[in-house]
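J.: Got a structure for you, written out below as structure tokens; questions coming shortly.
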Amino acid sequence: MSKSTQNPILRYFSEFGVLRECGRDFWFTNFIQFFDGLAYFTLIIVFTLFLGKYCGFSDANAAYWVGMYTLFLSLFAFAVGTICDIIGLRKTYTIGFGVLIAGRLLMGLGRDFGVSVLGLNPEWAQVIVMLGIGTMAFGSAFMGPCISTSIRRFTTLRARPTGFNFYYLFMNIGALLAGVGIVDNIMAWKGDVEGLYWVVNLGTAYEVVAFIFTRLVNEDAYAVPEERIDRSKQSVRRPLELIGQVARERAFQKLIVFLVLTLGVRLVFTLQFLVMPQYYTRTIGDDFQLGFMNSLNPFIIITGLIVLIPIVTRFSTVKLMIVGMSISACSLILMAVPAEWYFIFPGIDTLGQAYFVAIFLQIVIFAFGELLFSPRFSEYVARVAPKDKVASYMSLSALPMFIAKPINGVIGGLLVSYMCYDGIAAKMDTGHVAFWGSPEGMWTIYLIMAVISPLAIILTKDSFVSDHPEEAAAADEQAEEEAEEAARMDELTEEHS
């Protein structure tokens with residue numbers, strides 16, 4: 001039966017059949033991502049609350065250390081990508097998970113161990129938690145480059161776009177389960193303080209399961225034989241030497257410019273764990289179902305990807321990224337407008353109800369943009385990289401976020417402290433809060449930052465972004481080789497003359 005006469009439903013699902021070209025190592029990689037993601041998302045949902053309510057950090061310090069975690073993550077990623085390219089996937093997974101699990105144990109148990117066993121006062125016990133955060137970040141830094149490299153390695157060229165979509169789909173299934181399946185249930189069972197302890201430490205068990213799956217991966221099972229790297233013929237490369245080599249490549253330099261232009265929208269993603277938990281509870285109340293609302297985003301992404309995967313792979317990668325970024329950026333308008341504007345809708349009579357509707361709508365629209373942008377983004381970075389430097393490109397591409405994340409952490413902590421502080425809901429009920437001292441003012445600032453990204457990409461599209469990044473990167477590499485050859489010929493001519 002031809003495709004034109006095939007049942008449209010069967011034709012739709014047949015698009016997923018391309019993943020049959022991928023071997024078992026592709027699926028093992030997705031299970032690694034699933035359990036590592038489950039650990040990450042359960043932590044990130046409650047991270048600021050765990051540091052504040054359970055470990056005794058102040059609002060500003062809780063946001064600061066979550067920001068520092070993301071900073072350390074980007075900082076350490078610079079080295080681990082080159083390590084992966086040099087020593088291979090299997091050894092890198094072993095190092096990464098070993099350090100990650102040790103760091104989570106220090107962070108999750110450090111406060112109680114310091115007070116109960118070492119006899120430290122709570123402030124000094126917080127130092128153990130901080131040490132755990134840094135150690136955990138170092139281990140976590142291995143995951144992104146390794147998993148992206150694995151997805152590229154274990155997918156055929158035809159299956160690669162769908163493979164990255166599926167990887168993102170599976171990751172969001174973990175995010176969905178993290179919220180409604182784990183966080184809300186544990187918090188209801190153990191309470192809003194003790195539950196935080198159990199959520200964080202249960203994540204360590206998930207990391208152990210993810211590590212077990214890394215033992216099943218065959219790192220030499222290339223889906224595209226031509227991409228196989230003959231390490232016996234490679235000269236021994238040191239991490240710093242490889243970093244310098246990558247940094248000099250024109251394709252990487254163009255990639256970095258592109259990544260800088262996307263910062264405005266990508267920083268909005270960090271708000272989900274940096275600002276949102278305090279915003280939710282302080283505008284609506286402590287009984288707000290944090291897990292449910294955090295699961296809404298992955299639910300929409302899962303549903304959207306299942307529906308759209310066979311469709312979006314037919315469109316330009318760059319166009320999808322621009323459209324996705326624009327939608328996600330504009331979603332912040334719903335939280336930047338005064339909450340009183342929602343009173344025009346039937347059934348909305350209080351500020352709490354207005355904030356709930358604003359939050360709900362923003363998450364729905366933001367998630368739709370994210371499902372267009374994020375899978376394309378990871379795929380694009382992986383496609384730009386030469387076959388022997390995928391992990392290096394993936395890790396070094398964290399440079400712009402490394403610079404921006406601590407700034408965002410400081411700004412986020414300050415904005416929450418001054419524009420969404422504890423007790424602001426009662427003050428807003430009296431009508432004595434100016435716009436630039438309100439949560440809406442805070443979101444207006446983030447909205448301005450976010451919309452810059454799609455505008456910048458549109459204006460510079462032809463210079464730094466390509467719909468065929470592999471071909472563009474190859475052309476840049478050939479141009480560099482020709483320029484070097486021309487320079488050598490000039491030198492020889494001068495010597496003979």
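Quick note: the coordinates plus some simple rules give every number you see, no bench work behind them. As the structure is a computational prediction, the values presented were derived from the model and not from experiment. Glycine gets a Cβ as well: all are built from the backbone with ideal geometry, and neighbour counts include every protein chain shown.
J.: Taking the number of other C-beta atoms within 10 Å as the exposure measure, put 463, 148, 74 in order starting with the fewest.
T.: By the 10 Å Cβ count, ascending, the order reads 463, 74, 148.
J.: Using the Cα centre of the range 33-170 as the reference point, and only Cβ charges (+1 on K/R, -1 on D/E), how large is the resulting charge dipole? Debye, rounded to the nearest 20.
T.: 620
J.: A further question on this structure: Placing unit charges on C-beta atoms (Lys and Arg positive, Asp and Glu negative, everything else neutral), compute the dipole magnitude of the range 124-196 about its Cα centre in debye, rounded to 20.
T.: Rounded to the nearest 20 debye, it is 600 debye.
J.: Compute the FRET efficiency between residue 410 and residue 20 as 1/(1 + (r/R0)^6), taking r as their Cβ-Cβ distance and R0 = 56 Å, and round to the nearest 0.05.
T.: Between residue 410 and residue 20 the formula returns 0.70.
J.: Grab the beta carbon distance between residue 91 and residue 201, set R0 = 35 Å, and tell me the FRET efficiency rounded to 0.05.
T.: Given R0 = 35 Å and the Cβ-Cβ separation, E is 0.80.
J.: Determine the gain in length on full extension of the stretch residue 113-residue 353; use 0.36 nm per residue of separation and subtract their C-alpha separation, reporting nm with one decimal.
T.: Full-extension gain reported as 82.2 nm.
J.: Computed over the Cα atoms, what is the radius of gyration of the range 37-194 divided by 2.2 N^0.38 Å, N being its residue count?
T.: Its radius of gyration relative to the 2.2 N^0.38 Å reference: 1.16.
J.: Label-point separation (nm) for residue 461 and residue 418, each offset 7 Å from Cα along Cα-to-Cβ?
T.: Rounded to a tenth, the inter-label distance reads 3.8 nm.
J.: So, one more: What distance in nm separates the simple spin-label points at residue 157 and residue 427, each placed 7 Å from Cα in the Cβ direction?
T.: Label at residue 157, label at residue 427, 6.1 nm between them.
J.: So, R0 is 41 Å and r is the distance between the beta-carbons of residue 227 and residue 445; what FRET efficiency does that work out to, to 0.05?
T.: 0.40
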